[in-house]
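Heads up: the structure comes next, in structure tokens.
The values are calculated or read from the model by the stated rules, or taken from the named source; none is laboratory data. As the structure is a computational prediction, the values presented were derived from the model and not from experiment. Positions of Cβ are generated from backbone atoms using ideal geometry, with glycine treated the same way; all protein chains shown enter the neighbour counts. Heads up: the accessible areas ignore ligands, DNA and RNA and are worked out on the full protein's heavy atoms, side chains in. Shrake-Rupley method; radii C 1.70, N 1.55, O 1.52, S 1.80 Å.
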Amino acid sequence: MTDKTPETAAASDTGDGKNGDIAKLAKGGRTNFFGFLLRLAARLPFLFIAGRLYGAEALGRFAYAILIVELAAQLATLGLRRGLAEQISRTHRPHVHVVFDGLLVSAIASAAAALVLIAFPQAMFPNSEINGFDRFLPLVIFFIAGSDIALAALAYRYDIASTVRARAVIEPWTISIAAGALYFYSARDGLILSYVLSMLAAFIASIWPLLKSYGVPHGWRPKPVQLFQITRQNIPLAAADAVEWGSRRLDLFILGLFASPAIVGIYWAAQQVASLPQKLKTSFDPILGPVITRNLKENRLKEIAKQVGQVGFWIIAIQAGIALALGIPGEGVMGLIGPQFVVGTGALAFLLAAEVVAATAVVSESVLVYVARHRNLIISLSMLALQALLSVALILLAKSYDLKPATYAAAVALALMLSLGFASVVKAVLLSRILGAPVNGWRWALVWAAAVATIVGWLFTRYAPEWAELLIGIPVILGLYGFIIWHRGFGAEDRELFRMRKGGGEEETPPSNAD
């Protein structure tokens, strides 16, 4: 493999202009879409096992514990999940040294976070006793943060397949298989133990290809001053990542203050179904990062705006189809997890809608974190405050009308959808002004496709048995929706997302430098 400096890589990347960038983004999108299908196939068995064997209450305890642990892990990455691409693109040091600087900084932050949670385990288990190895669950933070940074480094070299393999195959299948096996060891701790095993497996699956791609860091010595600079420079990125992550967990945290662990478990199950399409947009971050940073160097602002709009449309189009396919037969989908989970159908519908409206905010943020970090952070914090206020207000409104506790779950999901819609509008407007070009990914073909899919889906739920809704209805909804989007919404560049090149045309020479 021929090594390149970042500058020569940038030149070659833009050798065929904007079409080269679109091809790279499309390639990442294809890989991520297949990764979504794999993750869906693996995540549903876990939800079925967790719901049917362990029950909603145990699921609620598990959900709250990993909520706290994953927040700590998110902070421990120090924004390097997205900031690593910028660090590598600006350096003349061997890239492997920069990557290991990031891993070391993250390990130090992970140690600090783990020590705090080990000392105060009640933060993870506020409503239950602490037994066995519960106190040492925070050690998994090292695996989560390290895996995120390793995969970000691989994505800089356009290796998205490793992310799919670790996150969409190894992690979900490990937790599914382990949850089923460990139930017979401990119905109380089986879920948590299976989670630890899945994170360890994903970490190994991330580090191994990292070493194969970047090699061993010969001659690397930690440099305290540079490590401090990395930490300081990435504070806005780390905060933005934490806010984005927190916006998808704040609802669960607030719900836990007002509802029983069983309701929390039901809501978490709905979250897991709805968050499957979320991976489509968050996994675009690593492949967007290198493209954006190189175009920023060349001041190609109009091209960035076009790429943001292009990727935004891809994500909205795919997520809307998935949301319709899972949301219309929502009772059947939630019923697969267990009969007691059907009351979470309303929450599932709002959560799926939230993923669609959030797409513009997430894609816009992928540029704002480089060109307007602090303003982006202020908008994100405002969104979080709005979400908290709406969540509490809607729950109190439901309580005032003596509605069932399951309604609280729908209330926090609605609050999430509204606050994410607010963030999408504001961030898109800000980015459009900075770039001097529109970044909106909306197209009217989405309305026509959604309308047809909704009518057909309603007919299935109205006249077909539940098994037919799921086995036949979901493919039909996706098929009709996709047919209309393809013929009415997709142009030539959009179809690049589904174009497979022969003869190795898919392969890119990864950006590198002489290690």
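Just to be sure I understand, how many residues within segment 204-252 are modelled with pLDDT of 75 or more, open to solvent by 30 Å² or more (accessible area, probe 1.4 Å) and assigned to a loop (DSSP other than H, G, I, E, B)?
Total satisfying the criteria: 7.
With respect to Glu331, is the statement that it is surrounded by fewer than 20 Cβ atoms within 10 Å (Cβ to Cβ), at pLDDT 75 or above and part of a helix (DSSP H, G or I) true? Show your work before the answer.
Details: surrounded by fewer than 20 Cβ atoms within 10 Å (Cβ to Cβ): yes; at pLDDT 75 or above: yes; part of a helix (DSSP H, G or I): yes.
So Glu331 fits the description; yes.
If Gln310 satisfies every condition in (1) within 23 Å of Phe490 (Cβ to Cβ); (2) touching a Gly at 6+ places or on another chain (Cβ under 6 Å) but one, which is the exception?
The failed condition is (2).
Which ones in segment 92-104 are open to solvent by less than 20 Å² (accessible area, probe 1.4 Å) and either without any contact (Cβ under 8 Å) to a residue 40 or more places away in the chain or among the aliphatic types (A, V, I, L, M) (or both)?
Result: Val96, Val98, Val99.
If the Cβ limit is 7 Å and pairs must be 6+ apart or interchain, which residue in segment 59-81 that is without any contact (Cβ under 8 Å) to a residue 60 or more places away in the chain pairs with which residue that is open to solvent by 30 Å² or more (accessible area, probe 1.4 Å)?
Going by the 7 Å Cβ cut-off, the qualifying pairs are Ile68/Ala123.
I'd like the full set of residues that are farther than 15 Å from Ala406 by Cα and open to solvent by 10 Å² or more (accessible area, probe 1.4 Å), limited to segment 336-353.
Leu336, Ala353
For segment 176-187: of the residues being open to solvent by 10 Å² or more (accessible area, probe 1.4 Å), in contact with a helix residue (DSSP H, G or I) (Cβ under 6 Å, 6 or more places away or on another chain) and part of a helix (DSSP H, G or I), which is nearest to Arg52 (Cα to Cα)?
First, pick out the residues of segment 176-187 that are open to solvent by 10 Å² or more (accessible area, probe 1.4 Å): 177-178, 180-187.
Then drop every residue that is not in contact with a helix residue (DSSP H, G or I) (Cβ under 6 Å, 6 or more places away or on another chain), which leaves 178, 180, 182-183.
Within this subset, residues satisfying the condition of being part of a helix (DSSP H, G or I) are 178, 180, 182.
Values: Ala178: 15, Gly180: 10, Leu182: 14 Å.
My answer is Gly180.
Ala73 passes all but one of (1) at pLDDT below 85; (2) within 19 Å of Ile141 (Cα to Cα); (3) crowded, with 24+ Cβ neighbours inside 10 Å; which number fails?
(1)
Could you tell me whether any residue of segment 188-203 is surrounded by fewer than 19 Cβ atoms within 10 Å (Cβ to Cβ), within 30 Å of Thr293 (Cβ to Cβ) and within 22 Å of the chain's Cα centre (by Cα)?
no
Quick check, is Glu508 farther than 19 Å from Met334 by Cβ, at pLDDT below 85 and assigned to a helix (DSSP H, G or I)? Spell out the reasoning first.
On the way: farther than 19 Å from Met334 by Cβ: yes; at pLDDT below 85: yes; assigned to a helix (DSSP H, G or I): no.
For Glu508, the condition - farther than 19 Å from Met334 by Cβ, at pLDDT below 85 and assigned to a helix (DSSP H, G or I) - is not met.
Can Arg167 be described as outside any loop (DSSP other than H, G, I, E, B) and either under 20 Å from Trp208 (Cβ atoms) or at pLDDT 90 or above (or both)? Lay out the reasoning, then the answer.
Values: outside any loop (DSSP other than H, G, I, E, B): yes; either under 20 Å from Trp208 (Cβ atoms) or at pLDDT 90 or above (or both): yes.
Judged against the criteria, Arg167 is a match.
Working only within segment 483-500, note down all residues that are surrounded by fewer than 17 Cβ atoms within 10 Å (Cβ to Cβ) and at pLDDT 90 or above.
Residue satisfying the conditions is Phe483 alone.
Could we say that Gly421 is within 19 Å of Ala242 (Cα to Cα) and open to solvent by 10 Å² or more (accessible area, probe 1.4 Å) here?
So Gly421 passes the test.
Looking at segment 110-165, which of the residues that are free of Cβ contacts under 8 Å to residues at least 24 places away in the same chain and closer than 15 Å to Arg61 by Cα is most open to solvent (accessible area, probe 1.4 Å)?
Glu129
Condition check ((1) open to solvent by 20 Å² or more (accessible area, probe 1.4 Å); (2) of a type in the set (Val, Ile, Thr); (3) touching a strand residue (DSSP E or B) at 6+ places or on another chain (Cβ under 8 Å)) across all residues:
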site	(1), (2), (3)
Val363	no, yes, no
Val367	no, yes, no
Ser391	no, no, no
Lys399	yes, no, no
Lys404	yes, no, no
Leu414	yes, no, no
Arg433	yes, no, no
Trp444	yes, no, no
Val452	yes, yes, no
